[in-house]
Amino acid sequence: MTIQKNIKIFVFAASLIVALMISQPVAASDAGAPAKDLLTNAYTGKVYSPYAQRGIPERPLWGDTHLHTSLSMDAGLFGNRLSPREAYRFARGEEVVSSTGQAVRLSRPLDWLVVADHSDGMGMVGDLAAGKPEILAFEQGGRWNKGLEEGGDASVQAALDLISNFSQGTVDPKLMALYSPGSKLYKNLWEKVIDDADAFNDPGRFTAFIGFEWTSLIKGNNMHRVVIMRDGAVRARQVVPFTMTAPQGSPDPRDLWKYLTNYEKKSGGEVLAIAHNGNLSNGIMFPLEAQWNGTKFDETYVTQRDKWEPLYEVTQIKGDGETHPFLSPDDEFADYETWDVANLDASVAKTNDMLAGEYAREALKRGLVIEKHLGTNPYKFGLIGSTDSHTSLATAEEDNFFGKHSGYEPNPKRMSHPFMETDKGKIVGWQMVASGLAAVWATDNTREAIFDAMLRKEVYGTTGPRMAVRLFGGWEFSDQDMNSRIPANAGYAKGTPMGGDLRVKPKDATAPNFMVYALRDPIGANLDRIQIVKGWLDADGTTHEKVYDVAWSGERMLDKKGKLPAVGNTVDAATATWTNTIGASELATVWTDPDFDAKQKAFYYARVLEIPTPRWSTYDAFRFGIELQEGAPVSTQERAYTSPIWYTPKP
């Protein structure tokens, strides 16, 4: 009887399921989930679960594109004894011992790293330290060896002497030839660099890129680029790094771009270059009409620079490079960690007429002008930060800053010691900047995914904190898109992420709008405000800029002149502390450009400011029990810079 009853129940249930399937046809693969056509148009998810089937970057991956180890000539002479292997270990979160014997560890691991040692003279210092006869036979080699053996300040002075000679092109060419492409020693060392990167590359967990720095200098004027390969050992072994030293190398970016072209043709791989420290170029990093040598811009120059240099390192240890108060007098935050004394080796003093060719915001504006005349914008770059540390330690946090090089690792005298000094100008130790980091919106933690994100410029830079920042540009974003708590769904569906171009303007649209969101660093400071920086080109061919406060913390209101009051400052210099009793943990808005002209080319990027926090020099004063150096700020307002979004009028 029980068996018959169970059979009847089973037959009834099966009949009911069949009936339901007939009355509500749903694909078997949907497993009962609502069909897409049952979801409202207001909902931007592809399926009911807003996190399924997205195929978009979920979180920023943090890294450093610009780290030097003991293999770099200057780093080694400054006293760095840590190899690329120690650099990778430190970046992925391990505790290491610095070159001055201090235990050091990051607050959190990085997701990826580029060891970018100088290609010129790579490995020279190892032989200097070993006192090899072939290098001591040169007067310069013997002099630098003596400083290296004495250590301390003598080693620093030897490094500065090397930098000065290299900047001016006066290193003995026969000495350089020993540590240049064409020598067996150089080839073997490059293969070791490749092997180390491959050994530490762990897809999905930690990415180690193969790269180097091309150290172009024109009489001390900086034109450096970091070169990053997407590939592994098989392709990277087919070349050696490009240098600036003749006869194999050249200081001309056009020749670097030829090298990059040949690499891709020969290996089938992919590569890019990232310029940095325009602020030390004395105006030649971002020229308007011609290169430093008088060569006029042509189609080749603008298209090649646009192709090979998709990013610019806007902030790092040798100064912030977004803008300058002379160029942006109406921007109250323009004078941030400014280095404007001279060029890289302080051989030529800075003058105001040089500044327009040195800073990122002005370069973005100049790009619009050049595009009007030559058809391509050579300065259509995304923005990142990186350290340029020469200690093998990628430290960008104010409370964990290990300096530019090993001579400036934590000690009571590093604030007051001259960093760079000639009769043309002086930079003191406290002026070193604890900056920066690169954030990449990549779909996976792999070489391929991170590199591809760099190519599409979906990146941003910070001065050290790990705040999460999203920026999307479009024509129909709504408050609902932001308030959904999953703004990325609407951002990608209806607009363009940072680094891209606005979609074609709809006929009924009056102005673009931008959805921007920032979330504070989980272990860092609250946020002060979000700003949108706009640059544009008018009908007369003149460029303009304007900074808009678009979201801010607290109950502050803009005054009659449109100025937002300061957020306040909780920093206690005596204890090097602050509190998050001001500011906001997150800020977000949908902002529409109130001054839009559909006929004018323009770009927009976001700048996010934290509340004031103690600067690294304030931590030094507290921890060593010393006075803060005169001129050194007590606090700093850390920030993030997103890559721009460009608008081009429809022809």
Next item on the list: Assess whether residue 193 counts as being of a type in the set (A, V, I, L, M), under 18 Å from residue 126 (Cα atoms) and modelled with pLDDT of 95 or more.
Entry: yes
Next item on the list: Please go through the range 312-336 and pick out each residue that is touching a His at 6+ places or on another chain (Cβ under 9 Å) and among the hydroxyl-bearing types (Ser, Thr, Tyr).
Entry: 312
Check: When residues of the range 542-559 are filtered for being assigned to a strand (DSSP E or B) and under 16 Å from residue 588 (Cα atoms), how many remain?
Finding: 5
Next item on the list: Of the numbered conditions (1) within 30 Å of residue 348 (Cα to Cα); (2) open to solvent by 60 Å² or more (accessible area, probe 1.4 Å), residue 216 fails exactly one; give the number of that condition.
Entry: (2)
Notebook entry, point to check: Does residue 507 satisfy the condition of being surrounded by fewer than 17 Cβ atoms within 10 Å (Cβ to Cβ) and over 28 Å from residue 207 (Cβ atoms)?
Noted result: yes
Next item on the list: Could you list all residues from the range 520-540 that are part of a strand (DSSP E or B) and over 22 Å from the mean Cα position of the chain (by Cα)?
Entry: 536, 537
Next item on the list: Go through 562, 568 for me and flag whichever is within 29 Å of the chain's Cα centre (by Cα) and either of a type in the set (S, T, N, Q) or not in a strand (DSSP E or B) (or both).
Entry: 568
Next item on the list: Could you look through the range 632-651, keep only residues that are over 30 Å from residue 379 (Cα atoms) and of a type in the set (A, V, I, L, M), and pick out the one that is least open to solvent (accessible area, probe 1.4 Å)?
Entry: 632
Next item on the list: Restrict the check to the range 471-482 and report whether at least one residue is open to solvent by 10 Å² or more (accessible area, probe 1.4 Å) and polar (S, T, N, Q).
Entry: yes
Checklist line | Filtered residues of the range 231-252 (kept if surrounded by 21 or more Cβ atoms within 10 Å (Cβ to Cβ) and of a type outside the set (Val, Ile, Thr)) | finding: 231, 236, 241, 242, 244, 249, 251
Next item on the list: Of all residues in the range 542-570, count the ones that are among the basic types (Lys, Arg) and in contact (Cβ under 8 Å) with a residue 40 or more places away in the chain.
Entry: 2
Next item on the list: Filter the range 380-401 for residues that are hydroxyl-bearing (Ser, Thr, Tyr) and either touching a Phe, Trp or Tyr at 6+ places or on another chain (Cβ under 8 Å) or surrounded by fewer than 24 Cβ atoms within 10 Å (Cβ to Cβ) (or both) and give the result.
Entry: 389, 391, 392, 395
Check: Out of all the residues in the range 102-112, is one or more farther than 30 Å from residue 496 by Cβ, of a type in the set (Phe, Trp, Tyr) and in contact with a strand residue (DSSP E or B) (Cβ under 8 Å, 6 or more places away or on another chain)?
Finding: no
Checklist line | Residue that is more than 30 Å from residue 379 (Cα to Cα) and touching a Ser or Thr at 6+ places or on another chain (Cβ under 8 Å), where the choices are 581, 575 | finding: 581
Check: For the range 185-205, which residues satisfy the criterion of being surrounded by 14 or more Cβ atoms within 10 Å (Cβ to Cβ) and in a loop (DSSP other than H, G, I, E, B)?
Finding: 201
Next item on the list: State yes or no: is residue 444 surrounded by 23 or more Cβ atoms within 10 Å (Cβ to Cβ), more than 22 Å from residue 520 (Cβ to Cβ) and in contact (Cβ under 8 Å) with a residue 60 or more places away in the chain?
Entry: no
Note to self: Out of everything in the range 350-365 that is charged (D, E, K, R) and part of a loop (DSSP other than H, G, I, E, B), what residue ends up being most open to solvent (accessible area, probe 1.4 Å)?
What the structure shows: 350
Next item on the list: Tell me, yes or no, whether the range 268-275 has at least one residue that is open to solvent by 10 Å² or more (accessible area, probe 1.4 Å) and either at pLDDT 95 or above or part of a loop (DSSP other than H, G, I, E, B) (or both).
Entry: yes
Item checked: Where residue 421 falls short, out of the listed (1) out of contact with any helix residue (DSSP H, G or I) (no Cβ under 7 Å at 6 or more places or on another chain); (2) part of a loop (DSSP other than H, G, I, E, B) -> (2)
Next item on the list: For the range 73-81, state whether one or more residues are under 24 Å from residue 387 (Cα atoms), open to solvent by less than 40 Å² (accessible area, probe 1.4 Å) and at pLDDT 95 or above.
Entry: no
Item checked: Matching residues, the range 322-349, being open to solvent by less than 10 Å² (accessible area, probe 1.4 Å) and either within 19 Å of residue 635 (Cα to Cα) or touching a Cys at 6+ places or on another chain (Cβ under 9 Å) (or both) -> 334, 339
Checklist line | Pair list, Cβ under 8 Å, 6 or more apart: the range 76-104 residue closer than 20 Å to residue 148 by Cβ and of a type in the set (S, T, N, Q), other residue at pLDDT below 95 and open to solvent by 60 Å² or more (accessible area, probe 1.4 Å) | finding: 99/81
Next item on the list: Report the residue count in the range 366-379 for those that are open to solvent by 10 Å² or more (accessible area, probe 1.4 Å), touching a residue at least 24 places away in the same chain (Cβ under 8 Å) and not aliphatic (A, V, I, L, M).
Entry: 5
Next item on the list: Exactly one condition in (1) closer than 28 Å to residue 425 by Cβ; (2) without any contact (Cβ under 8 Å) to a residue 60 or more places away in the chain is not met by residue 259; state its number.
Entry: (1)
Checklist line | All positions within the range 561-585 that are surrounded by 15 or more Cβ atoms within 10 Å (Cβ to Cβ) and under 30 Å from residue 495 (Cβ atoms) | finding: 564, 567, 583, 584
Notebook entry, point to check: Tell me, which helices (runs of 4 or more DSSP H) lie completely within the range 87-184 with 1 or more residues that are touching an Asp or Glu at 6+ places or on another chain (Cβ under 9 Å) and open to solvent by 30 Å² or more (accessible area, probe 1.4 Å)?
Noted result: 124-130, 133-136, 139-150, 152-168
Next item on the list: Of the numbered conditions (1) open to solvent by 40 Å² or more (accessible area, probe 1.4 Å); (2) within 22 Å of residue 465 (Cβ to Cβ), residue 67 fails exactly one; give the number of that condition.
Entry: (1)
Next item on the list: Out of the residues in the range 603-631 that are in contact with a helix residue (DSSP H, G or I) (Cβ under 6 Å, 6 or more places away or on another chain) and either open to solvent by 10 Å² or more (accessible area, probe 1.4 Å) or without any contact (Cβ under 8 Å) to a residue 40 or more places away in the chain (or both), state the one that is nearest to residue 435 (Cα to Cα).
Entry: 619
Next item on the list: Return the residue satisfying two criteria in turn: it lies in the range 164-217 and is of a type outside the set (Phe, Trp, Tyr) and touching a Pro at 6+ places or on another chain (Cβ under 6 Å), and of such residues it is farthest from residue 286 (Cα to Cα).
Entry: 196
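The values are calculated or read from the model by the stated rules, or taken from the named source; none is laboratory data. Small disclaimer: the values here were computed from a predicted structure and weren't measured. With ideal geometry, Cβ positions are generated from the backbone for all residues, glycine too; neighbour counts draw on all protein chains shown. Surface accessibility is based on the protein's heavy atoms, side chains included, excluding ligands, DNA and RNA. Shrake-Rupley method; radii C 1.70, N 1.55, O 1.52, S 1.80 Å.
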